[in-house]
Amino acid sequence: MSTELDNHLIEETDESAPPIQYRSVSALAILAVVVSAFSILTVFHWLFWLVFLTAILLGYLAIKRIRFAPTEYTGIGFARSGMAAALVLGLIGQGIHYYIRKYTVPYGYKPITWDLLEPDSDNPAEIIPPAAYELEPNDTDRDRRIYIKGFINLNMTDRTINLRQFILVPTASHCNFCQTQIKSTEMILVTFTGGLSIDATQNEIKLGGKFKVDPDQAANPFGGLPYQLEADFLQE
């Protein structure tokens, strides 16, 4: 009697219990998380934003698929996490990229200051300091380059856009009335190479390239341009 009752209770329990359903994690959601990790590559180039967009698209498609078939798929949390991670890592990478381009010295360029180009005040016979000659490319280092900050002397150019050649000076205080006060060692004749150009600006600019000393111009302490720079780098 008890056996029949137990069987009856088991049958009722089996009939009333809902069937167990297993849902698989959406592969698109997993892919969104994986691809999002590569969004940090925006530190190298803006084209890597395509990785960011791919992660966002995968996350969106995953959420759409899960909502369309909630009994078959799960993983909305993964999809949203992938989208958020892509956004955060992409912005971090781009921020690092911007900082490097704007505030750091490019590899292979030696940063210098204008003081290095000034002759020794205690030696009147010195027109060009020996340190300036050491900045030039030589037989042992033909690719030697410098990196320097300065201002465009707007009084010495008749153009305002697409400048490919101009005079670089250490400060922005030079004017028409004090033009004769500029020494030759306070000016660098900059010539852009490789298609570079710049619009006239009163802001400080940062550039780099091969530095040269013209010995003929060095003989003129005022008005001459002994320092020349073939600039192949302009910091944005």
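FYI, it's all coordinate maths here, none of it is from the lab. Nothing here was measured: the structure is a model prediction, and the numbers come from that model. All Cβ positions, glycine included, derive from the backbone under ideal geometry; neighbour counts span all protein chains shown.
Pick from Ala69, Ala84, Ala218 the residue whose mean-square fluctuation is largest in a GNM of the chain, springs joining Cα atoms under 10 Å.
Among Ala69, Ala84, Ala218, the largest mean-square fluctuation in the Gaussian network model of the chain belongs to Ala69.
Calculated from DSSP H runs of 4 or more alone, at -39500 (n - 2.57) each and per residue, what is the 222 nm mean residue ellipticity of the chain, nearest 500?
Working: 6 runs with 81 residues, N = 236.
The helix-only estimate for the chain comes to -11000 deg cm²/dmol at 222 nm.
Enumerate lysine pairs in the chain that are 8 or more residues apart or on different chains, then count those whose Cα atoms are under 28 Å apart.
Close lysine pairs found across the chain: 17.
Which shape class applies to the chain: rounded if a/c is under 1.5, otherwise prolate when a/b exceeds b/c and oblate if not, where a ≥ b ≥ c are the square roots of the Cα gyration tensor eigenvalues?
Prolate, because a/c is 1.5 or more and a/b exceeds b/c.
Mind sorting Phe151, Phe211, Phe44 by how few other Cβ atoms lie within 10 Å of their own Cβ, fewest first?
Phe44, Phe151, Phe211
List Phe38, Phe78 from most exposed to least, where exposure is judged by having the fewest other Cβ atoms within 10 Å.
Phe38, Phe78
Once fully extended, how much extra length lies between Val25 and Leu50, figured as 0.36 nm per residue of separation less the alpha-carbon to alpha-carbon distance?
Stretched out fully, the Val25 to Leu50 stretch lengthens by 6.5 nm.
Would you mind telling me the antiparallel percentage of the DSSP bridges in the chain, rounded to 5?
Working: 20 of 29 bridges.
So the antiparallel bridges in the chain amount to around 70 percent.
Pop a pseudo-label 7 angstrom from the Cα along the beta-carbon direction at both Asp216 and Asn203 and give the gap in nm to one decimal.
Taking the simple label geometry, Asp216 and Asn203 are separated by 3.8 nm.
Separation of the range 147-165 and the range 192-233 by C-alpha centroid, Å?
9 Å
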